[in-house]
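What follows draws every value from the coordinates through simple rules; no lab data is involved. Predicted model, so just to flag it, every value in this text is computed and none were measured. Virtual Cβ from ideal backbone geometry, glycine too; neighbours counted across all protein chains shown.
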Amino acid sequence: MAFNSKKTSSTLASQAAATLQDNNASKVAKSLAGSVLSQVQSSNQTGKGMETTASKVLSSSKYSDQTKAFAASVVAQSNKTR
């Protein structure tokens, strides 16, 4: 398995934390935010299911720019060999 050394930026991590605390945030946004936060200070990589979710978010016009930023971060930190 290829190791991905990319980490989530502190700015995006702060936004993800705020999203997780937001009662109005969508389930998808919270899921992506959780993945983003799990990759701040660790070698965690995005799982296959989360890659699929992030891909769908990025290709849809119904999600906010913030949710798409989380999705882009998740994809950037995915396993490159998959």
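Rundown of residues vs (1) under 20 Å from residue 78 (Cβ atoms); (2) hydrophobic (A, V, I, L, M, F, W, C); (3) in contact with a Pro (Cβ under 8 Å, 6 or more places away or on another chain), yes/no style:
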site: 11; (1), (2), (3): no, no, no
site: 18; (1), (2), (3): no, yes, no
site: 23; (1), (2), (3): no, no, no
site: 31; (1), (2), (3): yes, no, no
site: 40; (1), (2), (3): yes, yes, no
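Summed over region 60-71, the residues that are surrounded by 15 or more Cβ atoms within 10 Å (Cβ to Cβ) and of a type in the set (S, T, N, Q) give a count of 2. Across region 19-59, which residue is surrounded by the most Cβ atoms within 10 Å (Cβ to Cβ) among those that are polar (S, T, N, Q) and part of a helix (DSSP H, G or I)? In this case the residue turns out to be 35.
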